[in-house]
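The values are calculated or read from the model by the stated rules, or taken from the named source; none is laboratory data. A quick note: this is a predicted structure, and the numbers were derived from the prediction, not measured. So basically every Cβ, Gly included, is an ideal-geometry build from the backbone, and we count neighbours across all protein chains shown.
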Amino acid sequence: MTPRRACHTPPFPTGFHGAYTAGVGPGRTVYIAGAGPVGLASAAASQLLGAAVVIVGDLIPEAGAGAELRLRDGGREHRGQRG
């Protein structure tokens, strides 16, 4: 999916608005409560806005089970399996 198309999918504008309104910017550490579609969109938006660290947590282990998150840290990519 192209970035342009991603901007028009329902969860992304909501996630971006939340990250932007919260003041996410370069060098910030961000915690996102909830790993559903909007939470993952918020994580992606936080990276686009320059956050240094993005942490996504969820109380329900089954929520989004199997979703793979890719987070960059200083040019290195970290992959974690949810569930």
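Name every residue in segment 27-37 that is surrounded by fewer than 18 Cβ atoms within 10 Å (Cβ to Cβ) and either within 8 Å of the chain's Cα centre (by Cα) or more than 23 Å from R4 (Cβ to Cβ) (or both), in order of residue number.
Going through segment 27-37, the residues surrounded by fewer than 18 Cβ atoms within 10 Å (Cβ to Cβ) turn out to be 27-29, 31, 33-34, 36-37.
Of everything in segment 27-37, those that are surrounded by fewer than 18 Cβ atoms within 10 Å (Cβ to Cβ) and either within 8 Å of the chain's Cα centre (by Cα) or more than 23 Å from R4 (Cβ to Cβ) (or both) turn out to be G27, R28, T29, Y31, A33, G34, G36.
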Restricted to segment 28-49 and to residues being closer than 16 Å to H8 by Cβ and out of contact with any helix residue (DSSP H, G or I) (no Cβ under 6 Å at 6 or more places or on another chain), the residue modelled with the highest pLDDT is L48
* Quick one: is R4 surrounded by fewer than 12 Cβ atoms within 10 Å (Cβ to Cβ), in contact with a Gly (Cβ under 9 Å, 6 or more places away or on another chain) and at pLDDT below 90? -> no
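So if I check each of V56, V24, which one is surrounded by 12 or more Cβ atoms within 10 Å (Cβ to Cβ), modelled with pLDDT under 95 and among the hydrophobic types (A, V, I, L, M, F, W, C)?
Details: V24 fails: modelled with pLDDT under 95.
Checking each option against the conditions leaves just V56.
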